[in-house]
Amino acid sequence: MRSLVYPNLSEYLARSIDRSDYIREGTFLVYMRRGKRAVKVGHKPARLARALTVSNIHAAGREGNTETSLAPSSTGNFKVFMDRVEVEAKQRGYDCVYVESVLNGFLPTVLQRRGYVQCNEDDGTLNYVKFV
């Protein structure tokens, strides 16, 4: 059986068309999306932004981290990944990095420490954005 080959972040961003896809970057398999997105923070009107969206993050060896009671020890891999995403987004002219539909109980705190703010609260999911 043939295994799937996923592009890395640079390969994904180098594509000429804005389409969503899974990427493999380090220990992560991540669903990425790029393009225009309405972003509403607090009571301000929604802003149409060119967004690099991170969603559905799977970290090899960390599959049990979806439980809200977990307090996993940090490996630093997520920081390295998000640093890279933020740098790439800024260098390639995106307005923001958008983290869609957060399910991990500890991830909101991690994102807030990185400067992300909750947004699009009316969507019914927990979403975060950082303008770069």
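Things to note:
- For segment 91-132, the set of residues classified as outside any loop (DSSP other than H, G, I, E, B), open to solvent by 50 Å² or more (accessible area, probe 1.4 Å) and among the hydroxyl-bearing types (Ser, Thr, Tyr) consists of THR109 only.
- For segment 55-70, the count of residues that are closer than 23 Å to ILE23 by Cα and at pLDDT 95 or above is zero.
- Residue check for ARG19: within 22 Å of VAL102 (Cα to Cα), at pLDDT below 90, surrounded by fewer than 19 Cβ atoms within 10 Å (Cβ to Cβ) and among the basic types (Lys, Arg): yes
- Residues in segment 71-90 that are at pLDDT 90 or above, open to solvent by 30 Å² or more (accessible area, probe 1.4 Å) and of a type outside the set (A, V, I, L, M, F, W, C): LYS79, ASP83, ARG84, LYS90.
- Within segment 32-46, the set of residues being over 14 Å from ASN127 (Cβ atoms) and open to solvent by 60 Å² or more (accessible area, probe 1.4 Å) comprises LYS36, HIS43, LYS44, PRO45.
The values are calculated or read from the model by the stated rules, or taken from the named source; none is laboratory data. None of the values given here were measured: they were computed from a predicted structure. Virtual Cβ from ideal backbone geometry, glycine too; neighbours counted across all protein chains shown. SASA here: full protein model, heavy atoms, side chains in, ligands and nucleic acids out. Shrake-Rupley method; radii C 1.70, N 1.55, O 1.52, S 1.80 Å.
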